[in-house]
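The values are calculated or read from the model by the stated rules, or taken from the named source; none is laboratory data. The structure displayed is predicted, hence computed values, not measured ones. Don't worry about glycine lacking a Cβ; one is built from the backbone with ideal geometry, like all the others, and counts go over all protein chains shown.
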Amino acid sequence: MRSTLPIGVFSGGSHDTASTVFGRMANATAAWSGKPIAFLMAFGVVLVWGITGPIFHYSDTWQLVINTGTTIVTFLMVFLIQNTQNRDTLALQIKLSELILALKGADDKVADIEDATDEELEEAHEKVKRKSAKKNVRNN
C-alpha cells in the first residue's frame, strides 16, 4: 500500500534558511515583475532616460546609465526566473508522479523518470510510442 503525505508537510516549518529566504524573495519578485505596474515602471524609467538625452547631450555616460542598469536587472532576473522555473517544474513533476502512482495499470517506474539517464529516457519514450501505436491500431 502506498502512503501519501498531507499537503501541510510541504508548507510547514519555522526555520528560515538562505534557500527558503531566496525562494520566497524569488517568488515574490517573479509575481510582482509579471504585473502591469512593473512594466509601466520600467517603461517610465526608459522614457525618463530618453527625455534626458538632450539634457546630457547624449553623452557616453548617459548611455552607460541605461546599459548598466538594464544589464544588472537582467543578470539578477535570470536567477530569479530559473528558481521559479525549477520550483514550478518540480511541483508539476510531483503532481504527475502522484497521478501515475494512483492509476491502476500504469507503469510506476515512470513516476520518477525525471531522475533517469538520457538513454533511459529515450528507451522509455520509445516504449510509450510503441504502446501508443498499438492502442491506435486497436482503436482504428
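Of everything in region 42-56 that is within 13 Å of residue 70 (Cα to Cα) and without any contact (Cβ under 8 Å) to a residue 12 or more places away in the chain, the residue that is surrounded by the fewest Cβ atoms within 10 Å (Cβ to Cβ) is 43. Remark: residue 71 matches the filter, which requires a residue to be on the phi < 0 side of the Ramachandran plot and surrounded by 10 or more Cβ atoms within 10 Å (Cβ to Cβ).
One residue stands out in region 102-117 among those that are modelled with pLDDT under 90 and assigned to a helix (DSSP H, G or I): the one that is nearest to residue 27 (Cα to Cα), namely 114. Cβ separations smaller than 9 Å between residues 6+ apart or across chains give the following pairs from region 87-106 residues that are farther than 17 Å from residue 131 by Cβ and assigned by TED's automatic domain parsing to the domain that holds residue 28 to residues that are among the acidic types (Asp, Glu) and in a helix (DSSP H, G or I): 89/114; 90/114; 93/112; 93/114; 97/112; 97/114; 101/108.
Restricting attention to region 66-89, does a residue exist that is assigned to a helix (DSSP H, G or I), of a type in the set (D, E, K, R) and either in contact with a helix residue (DSSP H, G or I) (Cβ under 8 Å, 6 or more places away or on another chain) or within 24 Å of residue 34 (Cβ to Cβ) (or both)? First the steps, then the outcome.
Kept after step one, since they are assigned to a helix (DSSP H, G or I), are these residues of region 66-89: 66-89.
Okay, now just the ones that are also of a type in the set (D, E, K, R), so 87-88.
Of the ones still in play, those that are also either in contact with a helix residue (DSSP H, G or I) (Cβ under 8 Å, 6 or more places away or on another chain) or within 24 Å of residue 34 (Cβ to Cβ) (or both) are 87-88.
Yes, because at least one residue in region 66-89 is assigned to a helix (DSSP H, G or I), of a type in the set (D, E, K, R) and either in contact with a helix residue (DSSP H, G or I) (Cβ under 8 Å, 6 or more places away or on another chain) or within 24 Å of residue 34 (Cβ to Cβ) (or both).
Selection within region 65-94: residues that are under 30 Å from residue 112 (Cα atoms) and hydroxyl-bearing (Ser, Thr, Tyr). The member of this set that is farthest from the chain's Cα centre (by Cα) is 89.
For residue 62, state whether it is assigned to a helix (DSSP H, G or I), closer than 30 Å to residue 27 by Cα, hydrophobic (A, V, I, L, M, F, W, C) and over 24 Å from the mean Cα position of the chain (by Cα). When the stated conditions are applied, residue 62 does not pass them. Residue-level check: of (1) surrounded by 11 or more Cβ atoms within 10 Å (Cβ to Cβ); (2) in a loop (DSSP other than H, G, I, E, B), residue 94 misses just (2). Report every pair of residues separated by at least 6 positions or lying on different chains whose Cβ atoms are under 8 Å apart, first residue within region 63-82 and modelled with pLDDT of 95 or more, second part of a helix (DSSP H, G or I). What qualifies is 65/49; 66/46; 66/49; 69/45.
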